[in-house]
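Read-outs throughout are calculated quantities, based only on the coordinates presented, and are distinct from any laboratory measurement. Bear in mind that the values here come from a model prediction, so they are computed numbers and not experimental data. As a convention, Cβ positions derive from the backbone with ideal geometry for all residues, glycine included, and neighbour counts pool all protein chains shown.
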Amino acid sequence: MITHKYTLMCDDIRREDNGKLLLIGVYGQSIAVPQFPATLPSLVFFQGLESDRPGSWTVRMRLQHLDTGQKVMEGMGMINFRQPGAGANPIRLPGVQFQNPGTYHFVLDIEGQPDPIMYEFSVVLRIQQGPAVPGQMMR
């Protein structure tokens, strides 16, 4: 059985020389974009998972707009655990294009698991602030 511990969403992930992972451009529960459609060069879902046994599992993933059901991306892959315990599962989606604002789901279906792992976030329009005028209070 694989247990989901957490999911972080970021622009990129890299491995340092010492083996530690470096997450770049970590988002909260939303992504702000200047216009629609909006394309991100890369979007990474970094998941902390735990397995009760070693093994390999086939996974299916999809990114979809909740309101319309439109699939933004989908794919397949593998999760491998060399031993029982905690593991990291970074999933990089290249060239993600969002057509609409709203709520999105990143869904990971793991072979043999009864329920998918679901991560919910929103994509919103960033309202540009004008330049500050001397003597005017910032809002």
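Read phi for every residue in segment 55-69 and hand back ³J(HN,Hα) as whole Hz from Karplus 6.51 cos²θ - 1.76 cosθ + 1.60, θ = phi - 60°, with x for Gly and Pro.
So the J values, rounded to whole Hz, are x, 10, 10, 6, 10, 10, 10, 8, 10, 9, 7, 5, 5, 9, x.
Trypsin sites (Lys or Arg not before Pro), restricted to segment 31-85: which are DSSP loop and have at most 11 other Cβ atoms within 10 Å?
Answer by residue number: Arg82.
With N denoting the number of residues in segment 4-139, provide Rg(C-alpha) divided by 2.2 N^0.38 Å, to two decimal places.
For segment 4-139, the normalised Cα radius of gyration comes out at 1.25.
What ranking of Met78, Met9 emerges when the number of other C-beta atoms within 10 Å of each C-beta is taken as an exposure proxy, fewest first? Could you put the intermediate results ahead of the total?
Details: Met78 9, Met9 19.
Ascending number of Cβ neighbours within 10 Å: Met78, Met9.
Say each of Phe36 and Asp115 gets a label point 7 Å from the Cα, pointing the same way as Cα to Cβ; how far apart are those two points in nm?
Label at Phe36, label at Asp115, 3.0 nm between them.
Ratio of Rg to Rh for segment 1-46, alpha carbon only, Kirkwood?
Values: Rg = 13.3 Å, Rh = 12.5 Å.
Taking Rg over the Kirkwood Rh, I get 1.07.
With a Förster radius of 22 Å, plug the Cβ-Cβ distance of Ile24 and Arg53 into 1/(1 + (r/R0)^6) and report the FRET value to the nearest 0.05.
Step by step, r from the Cβ atoms, then E = 0.10.
Running a GNM on the chain with Cα contacts under 10 Å, which residue among Asp109, Asp17, Asp67 ends up with the highest mean-square fluctuation?
For the chain, modelled as a Gaussian network with Cα springs under 10 Å, the answer is Asp17.
When N is the residue count of segment 36-106, what does its C-alpha Rg come to as a fraction of 2.2 N^0.38 Å?
Cα Rg divided by the expected 2.2 N^0.38 Å: 1.31.
Which ordering of Met118, Met76, Met61 is given by a fewest-first count of other beta-carbon atoms within 10 Å?
The fewest-first ordering by Cβ neighbours comes to Met76, Met118, Met61.
Output the relative contact order of the chain, whole-number percent, from Cα pairs under 8 angstrom with separation of 6+ residues.
28 percent
Order these peptides, 47-54, 19-26, by their mean beta-carbon neighbour count within 10 angstrom, highest first.
Details: 47-54: 15.1, 19-26: 10.9.
The densest-packed peptide leads the list: 47-54, 19-26.
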